[in-house]
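Okay, so here's the structure we're looking at.
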Amino acid sequence: MAVVPVEDTSLVEAMSVLWPRATVTRDQGDRSPGSRDFLVLPGGRQTAVPVTPHAVSARVVEQASAAAGPRARMLRLGLAGALRLGLGTVARDRITVTGPEEDSLAEFLTAVLGDEVRLAVSTGTARVNRKPVIEVFGSDGRPRCFVKLGRSTLAWDDIRAEAQALATVADLTERGLRVPTALWYGAWLGMPVLLMTALPQDRWQHRRDRRRPPVREMRILTDLFRETSARPATMDWWDSIRRRLGSVADDRTRASALACWGSLAHRADRPVPVSAWHGDWAPWNMARCRGRLGLWDWERFATGVPAGLDVLHWAVNVSPMRAPEQVLAALRRAEPAWRAVVGDDPAAGLMPGLYLAEMAARYLPLADGSEGDLIADRARLFLTAWQEWSLRG
């Protein structure tokens, strides 16, 4: 029996929130009279950009395509060229917003920024903390800022954490690593809103940036927040791991995780280097422009953690993650890069266990939530990898 794919309605749902007094529909057709129309970009994540005026729309498409994959980028840049020639009808996949602009996010941001704005709206893959990301363009089509909007308790926490993190990491800009600047943080229609500067991106990203960890920039972050080495048991981070694992609802899963935590506690009897980490440093959260790295999505940033966790996270996320052994192999391969970032420290061999503890403590509680099925497989993968690492001593 053929499997019929389920239509992804996330983009229509997100835009219905942004224009609460309007009707939002997705169709394959021509422009509707009196409506505000958006093109759904081909390839990559779900992204809608305004159709008119064509010159502004073309510039928006180019900006929104910088971080896409090679095939999606080629398709989108071709679309941008067609738009500049006034050939907007080449794109048939559209979202139509019909109704008043009143109480919309666009109206709100126009007042905040003092310029008539246009919005490009994206939704990523389905996940427990999914939220729309809105890129804001001025009346001339130039990027003004990014907006994150929270629609759930988890998203509230993420956006609040990112606003705080951006203030903490602002000094990184003076040390060679570009980070966004928070422009405004508050609420719109009862939902948290964070406005931050857009980071410049080269149109063509080098393939190596999706394979090799950016050791130099990871070292900049590590050195800026480096603290005195400490035994894990004396760190607030360690207590947080224990609390999060102890909150897991399933008795068997919780017992397995706490058994790994106890085994790790016996081995973690020596000081480890302490610093900060971005929390999700991966190719899709960074881009280079004129040789300088920009890094966004700081919602999981934390200080007072074992140094070099970003290196391990990168290694795991750019490798296949279908089996525990693949996770463990990626962590083993990451040791030279970890030493290049943190230094030649005897605690290097303990770091995979500490990283797996962090990942288990992150994902297992999320798997208990209302959309926990979206993260359950990853939670089990990291717990199993942690169990195997523990058994190998």
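Readers should treat all values here as calculations from the given coordinates under stated rules, not as data from a laboratory. Please read these numbers as outputs of a predicted model, since none were measured by experiment. Positions of Cβ are generated from backbone atoms using ideal geometry, with glycine treated the same way; all protein chains shown enter the neighbour counts.
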Task: Phi-based couplings in Hz for the range 145-157 (Karplus 6.51, -1.76, 1.60; Gly and Pro marked x) - done: 5, 10, 10, 10, 10, x, 10, 9, 4, 5, 5, 3, 4
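State the extension gain, in nm to one decimal, for the chain segment bounded by Arg216 and Asp368, taking 0.36 nm per residue of separation less the distance between their alpha-carbons.
Length difference between fully extended and current span is 51.0 nm.
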- [ ] Take Thr110, Thr9 and order them by how many other Cβ atoms sit within 10 Å, fewest up front.
- [x] Thr9, Thr110
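Only four residue types carry charge here, +1 at the Cβ of Lys and Arg and -1 at the Cβ of Asp and Glu. Report the dipole size of the range 207-392 about the Cα centre in Debye, rounded to the nearest 20.
On the way: 28 positive and 23 negative charges, 154 e Å.
Roughly 740 debye for the range 207-392.
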Task: Whole-Å distance, taken between Cα centres, linking the range 374-393 and the range 225-257 - done: 15
- [ ] Can you pull the one-decimal nm distance between simple spin-label points at Ser152 and Arg84, each 7 Å off the Cα toward Cβ?
- [x] 4.0
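For Ala161 and Asp239 in one chain, what is 0.36 nm times their gap in residues minus the Cα-Cα distance, to one decimal in nm? Before the final figure, lay out the partial values.
Details: separation 78, 0.36 × 78 = 28.08 nm, distance 1.93 nm.
Answer, rounded to one decimal: 26.2 nm.
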Task: Label-point gap, in nm, between Thr173 and Met191 - each point 7 angstrom along Cα→Cβ - done: 2.7
Open item on the list: Run the Debye formula on the Cα coordinates of the range 207-392, all scatterers equal and no solvent, and tell me log10 I(q)/I(0) at q = 0.10, 0.15, 0.16 1/Å.
Closed with: -0.38, -0.87, -1.00
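By how many nm would the segment from Thr181 to Arg290 grow when fully extended, if each residue of separation counts as 0.36 nm and the alpha-carbon distance is taken off?
Numbers: separation 109, 0.36 × 109 = 39.24 nm, distance 1.93 nm.
The Thr181-Arg290 span can extend by a further 37.3 nm.
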Open item on the list: At 7 Å along Cα-to-Cβ for each site, give me the label-to-label distance between Asp269 and Thr9 in nm.
Closed with: 5.8
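Looking at the range 286-366, what % of the alpha carbon pairs are farther apart than 15 Å? Don't jump to the answer; show the numbers that get you there.
Numbers: 2040 of 3240 pairs.
So the portion of pairs separated by more than 15 Å is 63 percent.
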